[in-house]
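Just so you know, all these numbers are worked out from the coordinates, no wet-lab data involved. Just so you know, these numbers come straight off a predicted model, no measurement behind them. Using ideal geometry, Cβ is built from the backbone for each residue, glycine included, and neighbour counts are taken over all protein chains shown.
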Amino acid sequence: MSIEGDDMVRPFAVEALDVRGRVVRLGAAVDTILSRHAYPVPVARLLGEAIALTALLGTALKVDGRFILQTQSDGPVSMIVVDYSSPDALRAYARYDETALDNDARPGELLGTGHLAMTIDQGGSRNRYQGVVTLNGDSLEEAAHRYFDQSEQIPTVVRLAVAEVMGRGHAWRAGGLIAQFLPAASDRMPHRDLPGGDAPEGADPLAAPDDDDAWTEARSLIATIEDHELIDPEISADDLLFRLFHERGVRVFQPRGLAARCSCTEDRIRTMLERFSDEERRDMSVDDEIVVTCEFCSAEYRFAPDAFA
């Protein structure tokens, strides 16, 4: 069965290679988010990658909740926040210094040095889980690889692509794929051992052992993916997976829809303003009006300062 369309995540499994993963295709959802702020092209591309990565990771949650991806760094794009709320809502924004932007800069140069944090918020009184990885001129793909290598210790490969497509108007598209090696036998899982003190001179005691043949094959196949295959509306997620793994056999599972949807509401903004004192609200007002603009969706909410008396 083949399901065409955008704004969805398609889980898959290649059981012959002990690989599981997901493919994301974003059309209207990512275009809506990026177009709301009229980001410069380099910023839009980087934020589009972050949205695709968040969709890949957030839809793996086994419980209802939120997955938040956030970067803070010293590059021209100093902050990125992407928020996925189950079952399907995405929102995102970026802060940047337009005077420091270079249209030819690599994603890692736009981010600079800092950190990438990924947070799982299960809501209520349940614990939050957060993983952090440093950014040292890395792309989001490279940072994700290092996170899974260091924190999760699961062999993982991530591919991301974003482009502005011409045709029926200008529209942003994004796509991505994540694949992980999850063998049933634990002794087939590559891992790093702590130094034993007797490693040969010049050897790296923390280097990973040789990859399993199945994982080597899977990575080699995924390395053949070209960017346009991840975003081309004429190539469905199923078509891509079949091209990659038809010789080994690939199973696909029920897709999950995605949408650009912000969680801000007038009641939530009002509740936030009620936490301030009368004097603080007066300081916020301009021409006897408090205007709050949502950083995610750019919606404006207007209140009279005396409405909180």
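Region 266-308 gives an Rg/Rh value of 0.94, both radii derived from C-alpha positions and Rh following Kirkwood.
The simple Förster model, with R0 at 30 Å and r as the Cβ-Cβ distance, assigns ALA117 and GLU247 a FRET efficiency of 0.15. Lacking any other cysteine beta-carbon closer than 4.7 Å is a condition met by no Cys residue of the chain.
Applying 0.36 nm per residue to the separation of ASP74 and VAL132 and subtracting their alpha-carbon distance, the gain on full extension is 19.2 nm. Placing a pseudo-label 7 Å from each Cα along the Cα-to-Cβ vector at THR216 and ASP287 gives an inter-label distance of 6.9 nm. For the peptides 28-40, 273-285, residues were scored by their other Cβ atoms within 10 Å and the scores averaged per peptide; the highest-first order is 28-40, 273-285. Here the dipole of the chain is about 940 debye; that uses its Cα centre as origin and unit charges on the Cβ of Lys and Arg (positive) and Asp and Glu (negative). Report summary: the helix-based calculation at 222 nm, which adds -39500 (n - 2.57) for every DSSP H run with n ≥ 4 and divides by the residues of the chain, gives -7500 deg cm²/dmol. Take the Cα of SER35, step 7 Å toward its Cβ, do the same at GLU274, and the gap between the two points is 3.6 nm.
Distance between the modelled labels on LYS62 and ASP306, one decimal in nanometres: 5.7 nm (7 Å Cα→Cβ projection).
The Rg/Rh ratio for the chain, using Cα coordinates for both the radius of gyration and the Kirkwood hydrodynamic radius, is 1.02. Extension gain for GLU98-GLU164 works out to 21.8 nm (0.36 nm per residue, less the C-alpha to C-alpha distance).
FRET efficiency for the SER125 to ALA184 pair, using the beta carbon distance and R₀ = 41 Å, is estimated at 0.70.
Once the Cβ-Cβ distance of SER298 and GLU142 is raised to the sixth power relative to R0 = 41 Å, the FRET efficiency obtained is 0.85. When each of the peptides 253-266, 227-240 is scored by how many other beta carbons lie within 10 Å of its residues on average, the order from highest to lowest is 227-240, 253-266.
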